[in-house]
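Structure first, then comments.
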Amino acid sequence: MVTKAVIIAAGRGSRLKGRYEHVPKPLVTVAGVGLLKRTILTAKRAGITDFAIVTGYRADEIRAAIESDEQVDVNIDWVSNDRWEEGNGISVLVAQESIGENAFILMMSDHLIDSQIISGLRSANLAKDECALAVDSRIDRIFDEEDATKVLVNGGRIEAINKTLDDHNAIDAGVFVCNPTLFDALERSVADGNDSLSGGIQILASEGRMRAEDIGELFWEDVDTPESLVHAERALVRSLGKPTDGFVSRHFNRKISTRISALLVKTPLTPNQLSISTMFISFIAAWFVAQTDYMSLAIGGILFQFASIIDGCDGEVAKLKFLGSQFGEWVDTVADNVSYLVFFSAFVYGTFQHSGDPRVLTLSWLALGSIVVAISMVYVYLRMSGSGSIVSFTQAFSNEVPEEKRGWFHRFSERIKFASRRDYFAAMFCVLAVANARWTIFWIYALGAMTIAAAILIFVGHMMLSRGFWPSSSEVTAEESKLVSEKAN
């Protein structure tokens, strides 16, 4: 498996003019992270451990910035290209000594790419004399097709590559997996008067040794001009949604939170600080819903929904700035669940003060108590499974048991799982609070909380016993197993 990458960061980047001129192009920030740093950390996420970074223009500034950054904790061999004003093929050639005889990933520091593109190239089954280029066949989606390097692909092989190619069906995405055979092709191209990387690639293509790996729907962007930088930043922000997002999050919350995150990445605020801030917004909302009047209930509901929107920002900022960690997952999970307990406890208190009926307290504390126990079970599961994110639990709830083997309770729980998502219950609370439907909220909370808690308790208990996460002196009965799955049959 390929573990080394060459990153070309030698050019002046003269087209990225205006307010970016005072900074070397590899240090220009996109969504709060410099281009070169983003390239390094993206490759690291894909499994690359060693780097040869070729610099030329303002090399000392670039190296000092990267070496002083604690986030960049990889092995780097700095390669100097004194001929940086010549074609980019020269920058690749000067890295030959650093590479040796092993295959390597070749990247451009001014290209934003999805780490899965690199992962796919790392696992490509190349012959010793072959190279492969990631290409994008979605030509109509290219931001600046005129400036892009065009590629003609036939049967998975590249036949031609050039910026001025008229007959083409793909675009060069700027990342390669190469064997050292590339250096020989580049030397031949330079000898023929073409010192561009594309010149060497064309020689390999003409000999049938250049493969094309289509990136499908994965993201990439070439940052060459101020306009493309703005477009790239917007594209990164648009990509922040998750497959696990609920309906409200997907169609409403994310549209707001991503715009806020686009501003937050330009500040020193960390994801953990955002998680704590969201929790305190929920505490303020809790104070309002603990009151008995309509206006306080409505304001509390709106603030709780606002906290739900802001709750997405910590993960979005972490993704954009490569600040994700298991500790951060735990901070987010703990902050979220503490805010839920405080908020709904305050709502129970406000409803009791509003009605004076002691049965409200009895039913509410029963529901709240069951939620506390259920949350505790989830925490035990997360600790035992080595995760800190509640998302891993919800995915396990859906994926652990094949659909055809799910018992009636598991199927029922799966259908109402959406109601346990923060995006849904916060939005529902907000709407009902503004409508002054306090008692509707109360009954939904009381009955829904106990149902969801029962589903969590049965599922987590069954999963832990079946996986052996904790010792048990008794076997799970067939009837107990059927509540979650029908594997006992």
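Asp222 fulfils the conditions (1) surrounded by fewer than 18 Cβ atoms within 10 Å (Cβ to Cβ); (2) not assigned by TED's automatic domain parsing to the domain that holds Lys319; (3) not β-branched (Val, Ile, Thr) except for a single criterion, (1).
Here Ser249 passes the criteria (1) more than 30 Å from Met377 (Cα to Cα); (2) buried (at least 16 other Cβ atoms within 10 Å of the Cβ); (3) touching a helix residue (DSSP H, G or I) at 6+ places or on another chain (Cβ under 7 Å) except the one numbered (1). Exactly one residue out of Arg238, Arg188 is basic (Lys, Arg) and within 23 Å of Ile118 (Cβ to Cβ): that is Arg238.
Summed over region 44-81, the residues that are among the β-branched types (Val, Ile, Thr) and more than 27 Å from the chain's Cα centre (by Cα) give a count of 3. Pairing each residue of region 179-197 that is farther than 20 Å from Phe104 by Cα with any residue that is loosely packed, with under 15 Cβ neighbours inside 10 Å, provided the two are 6+ apart or on different chains, yields C-beta distances under 9 Å for Asp195/Arg83. For Ala5, the conditions (1) within 24 Å of Leu121 (Cβ to Cβ); (2) surrounded by fewer than 23 Cβ atoms within 10 Å (Cβ to Cβ); (3) touching a residue at least 40 places away in the same chain (Cβ under 8 Å) all hold with the exception of (2). Inspect all residues belonging to region 331-344 and state whether any of them is part of a helix (DSSP H, G or I), of a type outside the set (A, V, I, L, M), surrounded by fewer than 16 Cβ atoms within 10 Å (Cβ to Cβ) and assigned by TED's automatic domain parsing to the domain that holds Ile452. Within region 331-344, none of the residues are part of a helix (DSSP H, G or I), of a type outside the set (A, V, I, L, M), surrounded by fewer than 16 Cβ atoms within 10 Å (Cβ to Cβ) and assigned by TED's automatic domain parsing to the domain that holds Ile452. Selection of helices (runs of 4 or more DSSP H) fully inside region 17-117 by the criterion of at least 2 residues being crowded, with 23+ Cβ neighbours inside 10 Å returns 35-45, 59-67, 88-93.
Residues of region 236-252 that are in a helix (DSSP H, G or I) and in contact (Cβ under 8 Å) with a residue 40 or more places away in the chain: Leu236, Val237, Phe247, Val248, Ser249, Phe252. Of Glu217, Glu227, all but one fail to be modelled with pLDDT under 95, loosely packed, with under 15 Cβ neighbours inside 10 Å and assigned to a loop (DSSP other than H, G, I, E, B); the exception is Glu217. Within region 290-303, is there a residue that is closer than 25 Å to Val72 by Cα and either part of a helix (DSSP H, G or I) or touching a strand residue (DSSP E or B) at 6+ places or on another chain (Cβ under 6 Å) (or both)? Scanning region 290-303 turns up no residue that is closer than 25 Å to Val72 by Cα and either part of a helix (DSSP H, G or I) or touching a strand residue (DSSP E or B) at 6+ places or on another chain (Cβ under 6 Å) (or both). Flag: Val153 does not match the condition of being closer than 14 Å to Ile215 by Cβ, β-branched (Val, Ile, Thr), out of contact with any His (no Cβ under 9 Å at 6 or more places or on another chain) and not in a helix (DSSP H, G or I). Which of the residues belonging to region 182-202 are surrounded by fewer than 20 Cβ atoms within 10 Å (Cβ to Cβ) and in a helix (DSSP H, G or I)? Matches in region 182-202: Phe183, Asp184, Glu187, Arg188, Val190, Ala191.
The values are calculated or read from the model by the stated rules, or taken from the named source; none is laboratory data. Given the structure is predicted, the values throughout are model-derived calculations rather than measurements. Note that each Cβ is placed from the backbone with ideal geometry, even for glycine, and that neighbours are counted across all protein chains shown.
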